[in-house]
């Protein structure tokens with residue numbers, strides 16, 4: 001795996017991980033384009049660079065992470081549904097990850113939902129200074145379970161869960177970012193243990209390089225996303241998801257690309 005390939009994948013990860021457009025769907029396209037789907041180290045790399053993306057959340061919102069233990073308790077409550085269902089359905093989730101059709105249709109359906117979500121949840125009764133309640137945190141955590149279906153997008157599912165609780169778009173997005181930290185750390189850590197044998201001294205520099213790029217790009221993506229979301233809403237992301245889903249479906253059925261999940 002070259003540094004150029006690492007650069008491209010890290011940029012894709014940094015941009016898509018926290019936007020409601022599905023990082024999985026974009027990794028399918030990027031990895032297939034780079035012919036990396038059968039390289040074991042590439043599988044490890046894609047998982048590992050998520051840590052760089054996670055760190056961007058901690059850096060941007062460091063005050064929240066040092067605010068109080070109550071903040072961590074609520075994150076834990078929100079994390080519980082995904083932890084339980086992830087453990088119970090791990091094999092089934094892995095099986096779905098191998099199905100490109102599932103990813104494509106998840107992108108399409110999620111795109112349609114995002115096109116209309118601003119109209120569905122426009123009754124915002126949200127005080128930016130009001131603390132999120134435990135019940136609300138758990139409810140958002142239930143939505144995160146839906147994101148175990150490849151292509152749904154963890155960010156999209158949890159933001160929709162927040163908006164269903166009458167959070168503003170910004171508040172829902174920010175809690176989604178916070179929840180990503182324990183969720184992605186657990187998921188990535190588990191996958192890393194399964195693929196640790198792919199690490200050697202030669203590819204450690206590539207891992208470090210990928211994490212740095214993912215961190216920098218994710219910083220920019222999160223700040224830009226919040227600004228854009230506050231002004232314009234989700235419709236653009238919905239149309240974009242529909243286009244990507246159609247590209248994957250058409251390419252797959254016409255045999256233009258051998259799309260595989262890393």
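See the values below:
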{"read-out": "Acute angle (nearest 10 degrees) that the helix 50-60 long axis makes with the longest principal axis of the chain, alpha-carbon atoms", "value": "30 degrees"}
{"read-out": "Extension gain from residue 87 to residue 203, taking 0.36 nm per residue of separation minus the Cα-Cα distance", "value": "38.8 nm"}
{"read-out": "Contact order normalised by residue count of the chain, Cα under 8 Å, 6+ apart, percent", "value": "41 percent"}
{"read-out": "Nearest-ten-degree value, helix 169-195 long axis tilted from longest Cα axis of the chain", "value": "40 degrees"}
{"read-out": "Residues 143, 79, 71 arranged by fewest to most Cβ contacts within 10 Å", "value": "71, 79, 143"}
{"read-out": "Ratio of the Cα radius of gyration of the chain to 2.2 N^0.38 Å, where N counts its residues", "value": "0.97"}
{"read-out": "Prolate/oblate/rounded call for segment 1-146, Cα gyration tensor, a/c under 1.5 rounded", "value": "prolate"}
{"read-out": "Rounded to 10°, Cα long-axis angle of helix 23-33 versus longest principal axis of the chain", "value": "20 degrees"}
{"read-out": "At R0 = 41 Å, FRET efficiency that the Cβ-Cβ distance of residue 243 and residue 73 yields, to 0.05", "value": "0.55"}
{"read-out": "Residues 131, 13 arranged by fewest to most Cβ contacts within 10 Å", "value": "131, 13"}
{"read-out": "Helix-only [θ]222 nm of the chain, DSSP H runs n ≥ 4, -39500 (n - 2.57) each, per residue, nearest 500", "value": "-25000 deg cm²/dmol"}
{"read-out": "Cα gyration tensor category, rounded, prolate or oblate, for segment 107-191 with a/c compared to 1.5", "value": "oblate"}
{"read-out": "Tensor-based shape of segment 133-262 (alpha-carbon gyration tensor, a/c under 1.5 rounded, otherwise prolate or oblate)", "value": "oblate"}
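Where a number appears in this text, it was derived from the coordinates with a stated rule and is not lab data. The structure displayed is predicted, hence computed values, not measured ones. Neighbour counts are summed over all protein chains in view; Cβ atoms, including those assigned to glycine, are modelled from backbone coordinates with ideal geometry.
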